[in-house]
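The values are calculated or read from the model by the stated rules, or taken from the named source; none is laboratory data. Remember, predicted model here, so these are calculated numbers, not experimental data. Every residue, glycine among them, receives a Cβ derived from its backbone with ideal geometry; neighbour counts consider all protein chains shown.
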Amino acid sequence: MKNTIDILNCYYYAPHNHSILHRHLDWDLEKMLSLGTDTISICVQEDGMKNWHQKRIRNFVKLAKSKGLKVHAVPNRWCGLLAGWLDGFSWWTLENADTWYEDLPVGFSNPKSDKVQSHYKENLKILLDEFEFDGIIWDEPRPAKPEVIEFLDEMSEFAKNISREVVISMFADAPKLDLAEIFAKTRHMDYLGSDGHVRSVDHQMHRMKTTIFEAHAKYYPILEEAKKKTFFLLEGQRHRDEDLENYLENLEKAFALPMDHMMYYYSAHEMTYENEQIFNKATWDVVKKISESRKKSG
């Protein structure tokens, strides 16, 4: 199974926000390690940076690092300029309506606002200095305007001034295939690309997203030509029972796509227990193959 992977990253979503027992977290982390995973990513809400969630974030990062895993933060809905775990907007966004774009639906702050820039910088300092994350992942910049991407690139430079070792990645919302050339012009991010559903182009799902194959075909050649390292998230969290067979048919083909930073979902979220077990085992088996291939080629 051919690959060029530098980082094998498990998207664990938001385990620190739920009532997951320490021993269950420990089991999951050990499982990821057994598959050859080297990095784990979790969503971080901006409201959680200073409330009761912060202790859970610290504990989780400490636990993961004690296993030898790198930990990347996925900023969640910060100023409405990113996607992430929860729909909706934070208290910060609601309380700072004066930063919103005037020509867009509510909740999207203009990155040119001094308030927005100060807010990002303050939170990045917390992520890197206090929580000691090893990386930042910008999740689906929105609205999909060049100025938002330029802003995230500037914030990436700011983050690297805090920690030269921090790894910065960004992926686009798969339907936004026209962003590839804009991504290629960024200067301060390490890995760039897109997410995309692991499904056949003609397979219909309850919530549709461009396939990983279409997204990869668009982003990979443009980024490679620009000499950028590539990053793709293989979307599996929206699959339901009726999607399992098609997912399994496309799984190995999707994970065989060349990329430098691969991110996979630890588990499905909308399946019955029996089908979730099938989904997870198949995904984990392919991740292990990827890892073994890395060792042989490395």
Quick check: anything in region 139-154 in contact with a helix residue (DSSP H, G or I) (Cβ under 7 Å, 6 or more places away or on another chain), outside any helix (DSSP H, G or I) and at pLDDT 95 or above? yes
Can you pull out the residues in region 55-88 that are without any contact (Cβ under 8 Å) to a residue 40 or more places away in the chain and not basic (K, R)? A64, S66, G68, D87, G88
Return yes when R207 is touching a helix residue (DSSP H, G or I) at 6+ places or on another chain (Cβ under 9 Å) and either more than 26 Å from V71 (Cα to Cα) or of a type in the set (D, E) (or both) and no when it is not. no
Which of the residues that make up region 90-100 are assigned to a loop (DSSP other than H, G, I, E, B) and within 25 Å of the chain's Cα centre (by Cα)? S90
Index of the failed condition, M32 passing every other in (1) closer than 24 Å to D260 by Cβ; (2) out of contact with any Cys (no Cβ under 6 Å at 6 or more places or on another chain); (3) crowded, with 16+ Cβ neighbours inside 10 Å: (2)
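Conditions tested, residue by residue: (1) in a loop (DSSP other than H, G, I, E, B); (2) free of Cβ contacts under 8 Å to residues at least 60 places away in the same chain; (3) closer than 23 Å to Y13 by Cβ.
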{"residue": "H188", "(1), (2), (3)": "yes, yes, no"}
{"residue": "K209", "(1), (2), (3)": "yes, yes, yes"}
{"residue": "A217", "(1), (2), (3)": "no, yes, no"}
{"residue": "E224", "(1), (2), (3)": "no, yes, no"}
{"residue": "L233", "(1), (2), (3)": "no, no, yes"}
{"residue": "R238", "(1), (2), (3)": "yes, yes, yes"}
{"residue": "L248", "(1), (2), (3)": "no, yes, yes"}
{"residue": "E252", "(1), (2), (3)": "no, no, no"}
